[in-house]
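*Asks:* Questions regarding the structure given below will be posed in turn.
The values are calculated or read from the model by the stated rules, or taken from the named source; none is laboratory data. None of the values given here were measured: they were computed from a predicted structure. A quick note on method: Cβ atoms are made from the backbone with ideal geometry, for glycine too, and the neighbour counts reach across all protein chains shown. For accessibility, only protein heavy atoms count, side chains too; no ligands or nucleic acids. Shrake-Rupley method; radii C 1.70, N 1.55, O 1.52, S 1.80 Å.
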Amino acid sequence: MKKNYKLLLRGIAAICLIILAIVLFITISSYFSKRQIEKELSATIKKCDSIQIITEQPEISFSGFKENEINSLKFEIKREKEIFSDTVIRNKFSYVSEDRSFKKIRIPFPEFLKTDTIIVTTRNNLKFYISNFHHTAGLHYGMFGPVGVSDCSLDEDFNINGSHGNSISKNIALIESEKNKRIKIINATDKEIEVISKISKISLKMAEEIFYNNRKNKHLLSQIFCGIHIEKTGNYYVFEEEREDKNRATDIITINAENGDYKRYSYYPYQ
């Protein structure tokens, strides 16, 4: 009986050692594989950074515009301080939503330098400066983690008038004369919103109350918080409000973070 018990214990110990060896082997292999993939990713990103010419014709989207505001768009390539090339595009969207409130269009130039700025001008002379073009690489994932590195692809996180992404809306618009007065835009989901709200005389909660007390849409709240614009003249909470007219037009509301000054615009060129 004791002999069988000892054999059983030895068998269990052997199985445990085998399992431990397998786990250890997988852990070590995974560690070195991860290190290798990280090296490959770093090398690939450096390769991506060396790409100087954009040939993908990146897509940008428009939201919240009336049909006649963007049915004709002027695109320009600004290289250093000069306009290198320009063209006008009329109703050539690559995608239009069913309610026609959301549209996409490709930048019409077959190639340009990643250091160029693409300027988009609407019919009512709102300007959008698109920059920060660059390529990057990512990871391919399997069931147990990264298994390889992707090829270089164009990162669609552009800088548009100080905002990051690939979406154009009225609340980030500029007019030419005010371009250099904007510092940056903090998006509504950014953690920095809470920080600025705490240190400002007018908190975000107070700004929302000011918005509510001055709203024109009395049947629906129709409040969209867009973020905070950091300007040389101060910080501003920015909201959108859908009006109660037949066109369902959207107004832009700005509230000064220091004194609560409230302003309404049919678009937001600047303070």
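*Asks:* Could you say whether any residue in the stretch 65-73 is modelled with pLDDT of 85 or more and under 17 Å from S131 (Cβ atoms)?
*Replies:* no
*Asks:* Under 7 Å by Cβ, and 6 or more places apart or on different chains, what pairs join a residue from the stretch 95-114 that is modelled with pLDDT of 95 or more and part of a strand (DSSP E or B) with one that is open to solvent by 60 Å² or more (accessible area, probe 1.4 Å) and aliphatic (A, V, I, L, M)?
*Replies:* Final answer for the pair search is L113/I53.
*Asks:* Continuing with the same structure: Test H219 against the stated conditions and say whether it is surrounded by fewer than 16 Cβ atoms within 10 Å (Cβ to Cβ), in a strand (DSSP E or B) and not aliphatic (A, V, I, L, M).
*Replies:* no
*Asks:* Among the residues of the stretch 123-130, is there at least one that is under 20 Å from S63 (Cβ atoms), part of a loop (DSSP other than H, G, I, E, B) and open to solvent by less than 30 Å² (accessible area, probe 1.4 Å)?
*Replies:* Of the stretch 123-130, the ones under 20 Å from S63 (Cβ atoms) are 123-130.
Retained after the next criterion (residues that are part of a loop (DSSP other than H, G, I, E, B)): 123-126.
Adding the requirement that they be open to solvent by less than 30 Å² (accessible area, probe 1.4 Å) leaves 126.
Yes, the stretch 123-130 contains a residue that is under 20 Å from S63 (Cβ atoms), part of a loop (DSSP other than H, G, I, E, B) and open to solvent by less than 30 Å² (accessible area, probe 1.4 Å).
*Asks:* Can you tell me which residues in the stretch 66-86 are touching a strand residue (DSSP E or B) at 6+ places or on another chain (Cβ under 8 Å) and touching a residue at least 60 places away in the same chain (Cβ under 8 Å)? Working first, answer last.
*Replies:* First, pick out the residues of the stretch 66-86 that are touching a strand residue (DSSP E or B) at 6+ places or on another chain (Cβ under 8 Å): 70-79, 83-86.
Of everything in the stretch 66-86, nothing turns out to be touching a strand residue (DSSP E or B) at 6+ places or on another chain (Cβ under 8 Å) and touching a residue at least 60 places away in the same chain (Cβ under 8 Å).
*Asks:* What do you reckon, is Q52 among the polar types (S, T, N, Q), at pLDDT 90 or above and open to solvent by 80 Å² or more (accessible area, probe 1.4 Å)?
*Replies:* Numbers: among the polar types (S, T, N, Q): yes; at pLDDT 90 or above: yes; open to solvent by 80 Å² or more (accessible area, probe 1.4 Å): yes.
Answer is yes for this residue.
*Asks:* All but one of (1) farther than 25 Å from N171 by Cα; (2) open to solvent by less than 30 Å² (accessible area, probe 1.4 Å) hold for S61; which doesn't?
*Replies:* With respect to (1) farther than 25 Å from N171 by Cα; (2) open to solvent by less than 30 Å² (accessible area, probe 1.4 Å), S61 is out only on (1).
*Asks:* A follow-up question, please. Could you list, in sequence order, all residues of the stretch 164-196 that are without any contact (Cβ under 8 Å) to a residue 40 or more places away in the chain and outside any loop (DSSP other than H, G, I, E, B)?
*Replies:* Answer for the stretch 164-196, where residues must be without any contact (Cβ under 8 Å) to a residue 40 or more places away in the chain and outside any loop (DSSP other than H, G, I, E, B): H164, G165, S177, N180, E192, I193, E194, V195.
*Asks:* I would also like to ask the following. Determine whether L20 is in a helix (DSSP H, G or I), at pLDDT 75 or above, loosely packed, with under 12 Cβ neighbours inside 10 Å and of a type outside the set (D, E).
*Replies:* When the stated conditions are applied, L20 passes them.
*Asks:* Also: Among the listed residues K34, K39, K78, which satisfies the condition of being open to solvent by 80 Å² or more (accessible area, probe 1.4 Å), modelled with pLDDT of 80 or more and not in a loop (DSSP other than H, G, I, E, B)?
*Replies:* Of K34, K39, K78, the one residue that is open to solvent by 80 Å² or more (accessible area, probe 1.4 Å), modelled with pLDDT of 80 or more and not in a loop (DSSP other than H, G, I, E, B) is K39.
*Asks:* Next question, about the same structure. Taking the condition touching a Phe, Trp or Tyr at 6+ places or on another chain (Cβ under 6 Å) and open to solvent by less than 20 Å² (accessible area, probe 1.4 Å), does I118 pass?
*Replies:* no
*Asks:* Restricting to the stretch 197-216, name every residue that is modelled with pLDDT under 95, open to solvent by 80 Å² or more (accessible area, probe 1.4 Å) and not in a helix (DSSP H, G or I).
*Replies:* Within the stretch 197-216, just K216 meets the criteria.
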